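One structure is given below, encoded as structure tokens.
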Amino acid sequence: MAILNRIMTNICSDKLNETKNFYTKLFDFNVNYDSDWFVHLISKDKKFELGIIERSNEIVPVEFQNSPQGFYITFVVESADELLAIAESENFKIVSKPMDTVYGQRRLLLKDPNGTLVDISSPIKDFKF
């Protein structure tokens with residue numbers, strides 16, 4: 001078994017700047033590296049990373065350069081409702097406004113500029129199963 005040192009999600013994109021704007025407006029990411037083919041975002045506390053790579057870059061195998069399907073990214077925050085206000089002010093694509101779930105989360109769904117489904121959830125205070 002390998003020891004895990006780090007995990008990072010990379011989003012394939014045709015819209016690097018729009019995607020960088022989306023994630024840095026919503027979350028506490030700093031731009032750690034920015035080029036014409038790759039952007040590396042890292043949270044201010046250095047715990048979380050997100051990469052944005054040009055979809056057609058040669059290091060992305062051709063069969064993986066399609067729009068995303070079959071997955072979504074979840075970010076757990078203090079208040080999904082606060083992020084709804086940011087999403088509305090930035091005209092981000094809202095899939096579903098915050099709703100309480102049966103499993104104790106308040107959940108907002110957005111679509112990033114690449115079509116990736118972004119689940120923004122916050123724990124419901126004092127929720128009991």
**Prompt:** Can you tell me which residues in segment 91-109 are touching a strand residue (DSSP E or B) at 6+ places or on another chain (Cβ under 9 Å), assigned to a loop (DSSP other than H, G, I, E, B) and not β-branched (V, I, T)?
**Reply:** F92, G104
**Asked** For residues in segment 110-129 being among the hydrophobic types (A, V, I, L, M, F, W, C) and not in a strand (DSSP E or B), which is farthest from T19 (Cα to Cα)?
**Response** F129
**Item:** Residues of segment 10-65 satisfying the condition of being assigned to a strand (DSSP E or B), surrounded by 15 or more Cβ atoms within 10 Å (Cβ to Cβ) and either of a type in the set (S, T, Y) or more than 14 Å from the chain's Cα centre (by Cα) (or both)
**Value:** S13, F38, E54
**Prompt:** Going by the structure shown, is V118 touching a strand residue (DSSP E or B) at 6+ places or on another chain (Cβ under 6 Å), surrounded by fewer than 13 Cβ atoms within 10 Å (Cβ to Cβ) and in contact (Cβ under 8 Å) with a residue 24 or more places away in the chain?
**Reply:** no
**Prompt:** So is K47 under 15 Å from T9 (Cα atoms) and modelled with pLDDT under 95 or not?
**Reply:** yes
**Asked** Hey, any hits in segment 81-90 for a residue that's surrounded by fewer than 11 Cβ atoms within 10 Å (Cβ to Cβ) and assigned to a loop (DSSP other than H, G, I, E, B)?
**Response** no
**Request:** Could you please find all residues in segment 91-114 being of a type in the set (S, T, N, Q), surrounded by 11 or more Cβ atoms within 10 Å (Cβ to Cβ) and within 18 Å of K15 (Cβ to Cβ)?
**Result:** N114
**Complete:** Residues of segment 13-26 being in contact with a strand residue (DSSP E or B) (Cβ under 6 Å, 6 or more places away or on another chain) and among the hydrophobic types (A, V, I, L, M, F, W, C), in sequence order, are L16
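The values are calculated or read from the model by the stated rules, or taken from the named source; none is laboratory data. No experiment lies behind these values; they were computed from the predicted model shown. FYI the Cβ positions are ideal-geometry reconstructions off the backbone, even for glycines, and counts take in every protein chain you see.
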